[in-house]
Amino acid sequence: MSYIGPMQTFKAYKHTEAGKKIKAEFVDLTLEQLDPGDVVVRIAYSGVNYKDALAATGKGKILRRASCIGGIDFSGTVVSSADPRFAKGDAVLTVGGEYVGVSHDGGYSAYARVRGDWIAKVPQGLSLWEAMALGTAGYTAGIAVVRMEHNGLEPANGPVIVSGATGGVGSVAIAILAKRGYHVVALTGKSD
Ligand SMILES: NC(=O)c1ccc[n+]([C@@H]2O[C@H](COP(=O)([O-])OP(=O)(O)OC[C@H]3O[C@@H](n4cnc5c(N)ncnc54)[C@H](OP(=O)(O)O)[C@@H]3O)[C@@H](O)[C@H]2O)c1
């Protein structure tokens, strides 16, 4: 479905505070019921991040309002845009930012309506699926490597050790560093 009319409904997964607990349920929505934004995105994929689990279970103080569609990240295709940086058909993504899925309706929905400042075009060579397979954890690993290289890290300086090696961030960090020519040493607490 590339076009959606104002009265057409779609499914979304909503978290709502119910006393000290969080109620999580599928709801039917129309576009106009989504939080306002200048870009409408037909969502292809979202991920399940630790932060999403904390939001859904109420175990962490993640939600910043009483009711919100979950999903802190998503990839998808622009349906309409009032932001000149994006046009219909653009492949876009957002990862673990300050608002989406926390204080603004998020990625667990067929559609999202967000501010252009919160999304980016999917880099060439990356599919919508890959963008979310890497997700917020992969993005975190990526910016960590960029920052370390900015601070002078380079393969000629010797081996790089990655702790939490089997985790979401650690495993992607290992892949990125190895691909960039580093001698990577994985540090793990797991015997297997
Ligand atoms: N995922 C994200 O989007 C994201 C974003 C920003 C920041 N972070 C932060 O990045 C860190 C890693 O996140 P993650 O998503 O990769 O988590 P994860 O998938 O749960 O991995 C964490 C890894 O840390 C190791 N570990 C667990 N308990 C430990 C302990 N007591 N002492 C030493 N190592 C221990 C384990 O690896 P081994 O069994 O291999 O040792 C575990 O797999 C966390 O501090 C998280 O808050 C994550």
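When +1 charges are put on Lys and Arg Cβ atoms and -1 charges on Asp and Glu Cβ atoms, the dipole computed for segment 1-148 relative to its Cα centre reaches about 420 debye.
Each of Ala82, Tyr99, Ile119 was scored by the projection of its Cα onto the charge dipole of segment 52-122, and the greatest displacement toward the positive side belongs to Tyr99; charges sit on the C-beta of Lys, Arg, Asp and Glu. Remark: segment 92-192 carries a charge dipole of roughly 100 debye about the Cα centre, counting +1 on each Lys and Arg Cβ and -1 on each Asp and Glu Cβ. The GluC sites (Glu not before Pro) of segment 71-160 that DSSP puts in a loop, and whose beta carbon has at most 14 other beta carbons within 10 Å, are Glu98. From helices alone, the chain scores -7500 deg cm²/dmol at 222 nm; the rule is -39500 (n - 2.57) for each run of n ≥ 4 DSSP H residues, then divide by the residue total. Separation of the alpha carbons by more than 22 angstrom is noted, of Lys51/Lys190; Lys23/Lys61; Lys23/Lys51, for Lys51/Lys190. The modelled label-to-label distance for the pair Ala133/Ala175, using points 7 Å beyond Cα in the direction of Cβ, is 0.7 nm.
Decide, for segment 27-107, between rounded, prolate and oblate: order the square roots of the alpha carbon gyration tensor eigenvalues as a ≥ b ≥ c, take rounded if a/c falls under 1.5, and otherwise choose prolate if a/b is larger than b/c, else oblate. Display every interim value, and only then the final one.
Values: a/c = 2.17, a/b = 1.71, b/c = 1.27.
In terms of gyration-tensor shape, prolate.
An oblate overall shape is assigned to the chain, the ratio a/c of its alpha-carbon gyration tensor axes (a ≥ b ≥ c) being 1.5 or greater and a/b not exceeding b/c. One chain, two ends: Arg65 and Leu126. Fully extended at 0.36 nm per residue, the span grows by 18.6 nm beyond their Cα-Cα distance. For segment 130-192, the list of trypsin sites (Lys or Arg not before Pro) that fall in a loop by DSSP and count at most 16 other C-beta atoms within 10 angstrom reads Arg180, Lys190. Please work out the FRET efficiency for the pair Arg115 and Glu25, using the Cβ-Cβ distance as r and a Förster radius of 22 Å; give the result to the nearest 0.05. Efficiency, from the Cβ-Cβ distance: 0.25. The relative contact order of segment 10-121, computed from alpha carbon pairs under 8 Å that lie at least 6 residues apart in sequence, is 33 percent. Take every Cα pair under 8 Å whose residues are at least 6 apart in sequence, average their separation, divide by the length of the chain, and the relative contact order is 19 percent.
From the square roots a ≥ b ≥ c of the eigenvalues of the alpha-carbon gyration tensor of segment 133-187, which class results: rounded (a/c under 1.5), prolate (a/b over b/c), or oblate? Since a/c reaches 1.5 but b/c is at least a/b, the shape of segment 133-187 is classed as oblate.
None of the figures in this text is laboratory data; all of them are computed from the coordinates on show. Not measured: the values here are computed from a predicted model. We place every Cβ from the backbone using ideal geometry, glycine too, and count neighbours over all the protein chains shown.
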